[in-house]
Amino acid sequence: MDREYDQPLDVPALAATALMSPGHFSRSFRAAYGETPYSYLMTRRIERAKALLRRGDLSVTDVCMSVGCTSLGSFSTRFTELVGESPSAYRARDHADGEPIPACVAKIRTRPVRRTQGRFP
């Protein structure tokens, strides 16, 4: 999922690759990663989307499609849920303060974190 986040991935296909039933795969994945396969995939997609939006040369729609999302509405909703602001607002914000940071550090620093019930984990 980390490598092929932009591909249409679903639990049955992932489970078949892992030689497991979809139910067993989902339970095992959640036990190992603390979230569902879909949630993990969307977090990776939003992580990549943040990097593309920081560049500023692509529209929100282009970014949505390039990270593997097919619905701009679902993408925007999940982005806002994880990041705390809309993709458009994130793109419009000045990101110059992060330019001198190496990409591997920026990836960790800007990793989306699920916000639940108004609290930060």
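Per-residue packing, averaged as other Cβ atoms within 10 Å, sorts the ranges 29-37, 46-54 into the order 46-54, 29-37, beginning with the highest. Hey, how much of the P(r) for the stretch 11-109 falls beyond 18 Å, as a percent of Cα pairs? Roughly 54 percent, rounded to a whole number.
Please label the shape of the stretch 1-43 as rounded, prolate or oblate, based on the square roots a ≥ b ≥ c of the eigenvalues of the alpha-carbon gyration tensor (a/c under 1.5 means rounded; beyond that, a/b larger than b/c means prolate, else oblate). The shape class here is oblate. Enter the Cα centre distance for the pair the stretch 64-79 and the stretch 1-42, rounded to the nearest angstrom. Computed from Cα coordinates, the inter-centre distance equals 19 Å.
Sorted fewest first by neighbouring Cβ atoms within 10 angstrom, His24, His95 come out as His24, His95.
Bear in mind that the values in this text are calculations on the coordinates, not laboratory data. Quick caveat, the model's predicted, so the values are computed rather than measured. Using ideal geometry, Cβ is built from the backbone for each residue, glycine included, and neighbour counts are taken over all protein chains shown.
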